[in-house]
């Protein structure tokens, strides 16, 4: 790698409006407006904001699942038009297939790319080991706890060896203790794999604990109101939360977020 | 809690396994029912009813005596039922998936599906007789029309019910439309499809017999017709029993398929 500083991910002036029909009237709901930022390779960036601010939509636009009305997304300088193997999503709802066992779920993406069975099994087993689910290869999702299911979701994302992992409130469906455990594990895996992570959350505490940088969105339509650099030492652990600096950043983030919550645009009737 | 303990203690039933209890209950009920049947049969004019022992004799005779042509009749019925049922299932699933996935297909076909689903199948028989004659083709067509609509409707509802939480991860992993259908939509819809096929089976069975009674005296329906018109009351029950057993057999096979697939859902 020479010194041409191409960001891993560039978000340029993204805007998105949804249309919904209420009693025969079409209502335009702008969810994102003029969102621009860039992310360096290997960094951990969180996106926080009040609910409905479009942070999950932003994540889907980066993945290519949803098309933006305005602006563009560039990965390593290339324009994103559809989902690609250089990006993978970890969903809040896990997104596992109930009729596939852990191995089948983790290997699913490889199967869709027509990777031969032996190769995909080997790679899937490797990722299953990485997330600590050895021995559960042939369990079905309903036999696993929430925390284990999300580990499967993470292993599936890793199996395609993407550069960027997009995480949509991945730990909000698990209990508090599991959540802290998963946060810790994710940081370890991140350090080990060197992936770039975009992490959507509504928890300020989580964002501060995990990230290099936090992007704070306003209420709908979401626009960036502040970018916070978190310069806490790594590796982070339980002691990190006890640092005065941690509290200071968290309080600061909360003050910024409060300003953004005030008024959400409710959308206007267009037809 | 205490109530349960006291009552169990006072009754002192030797504890039987659930399975044993089930067989015991069904066994006793069956013997009772058959006894009542036998008794009523013996006390009634044989023109209107037959004791179960006579029916069993007729059944055994029909099975053992080639002159009764039971096997021929059975195969005749199957030769209509099987192709009709298979075509209805395969075509029904295909149309159902198309209607579930494509709005144009849904909007175009839905009114006709609704109308035909609710049309009594019997009225179709004279119409198809006019067009296709009285042979096997006509009967197969009528069976297909009888069985296909529950398959179409169930499959369509199943496909429309597949949540974005199942399709979105596959799309994110770059599934093609074909892969999406094959690896996500189809397995997710399978419980609906099997339920639709089971409904279709009942309608197919009825329709075969009606067609055989109505059109040409053939198959098990024909046997029924012959027995009825010659006042052989006990013999009338033979095709009924054969059909009941056939229905149970196919339904049982479908249930096995259902368990093998649906169990994994952990529902």
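Just so you know, all these numbers are worked out from the coordinates, no wet-lab data involved. Note that the structure is a prediction, hence the values are computed from the model and not measured. Glycine gets a Cβ as well: all are built from the backbone with ideal geometry, and neighbour counts include every protein chain shown.
Given Cα positions, please report Rg to Rh for region B:191-267, the hydrodynamic radius being the Kirkwood one.
On the way: Rg = 16.3 Å, Rh = 14.1 Å.
Reported Rg/Rh (Cα atoms, Kirkwood Rh): 1.16.
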Peptide-level mean, for A:109-122, of C-beta atoms on other protein chains within 10 Å: 2
Inter-label distance for residue B:63 and residue B:33, nm, one decimal - labels placed 7 Å from Cα along Cα-to-Cβ: 1.9
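Report the far tail of the P(r) of the protein assembly as shown, meaning the percent of Cα-Cα pairs longer than 28 Å. Please list the in-between numbers first.
Values: 99336 of 144453 pairs.
Cα-Cα pairs of the protein assembly as shown separated by over 28 Å account for 69 percent.
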Anisotropy class of region A:115-240 from Cα gyration tensor, a/c 1.5 cut: prolate
Relative contact order (%) - chain B, alpha-carbon pairs under 8 angstrom, separation at least six: 23
By average C-beta atoms within 10 angstrom, highest first, the peptides A:98-108, B:27-37: A:98-108, B:27-37
Relative contact order of region A:196-251, defined on C-alpha pairs under 8 angstrom at six or more residues apart (%): 30
Approximate spin-label separation residue B:134-residue A:175, in nm, with each point projected 7 Å along Cα-to-Cβ: 7.3
Relative contact order (percent, whole number), region B:57-197, Cα cutoff 8 Å, 6+ residue spacing: 30
DSSP beta bridges in region A:145-271 [antiparallel fraction, %, rounded to 5]: 50
Tensor-based shape of chain B (alpha-carbon gyration tensor, a/c under 1.5 rounded, otherwise prolate or oblate): oblate
All Cα pairs of chain A, percent lying beyond 35 Å: 18
Degrees, to the nearest 10: A:176-193 long Cα axis against longest axis of chain A: 80
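From other protein chains only, count the Cβ atoms within 10 Å of every residue's Cβ in B:173-181, then give the mean.
Values: counts 15, 9, 6, 1, 0, 0, 5, 1, 0.
Average neighbour count from other chains, rounded to a whole number: 4.
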Per-peptide average of other Cβ atoms within 10 Å, ordering A:246-255, B:103-112 highest first: A:246-255, B:103-112
Euclidean distance between Cα centres, region B:181-240 to region A:63-137, Å: 47
Inter-chain shielding of A:88-99 (mean C-beta neighbours from other protein chains, 10 Å cut-off): 5
Separation in nanometres of the label points that stand 7 Å from Cα toward Cβ, at residue A:202 and residue A:40: 3.2
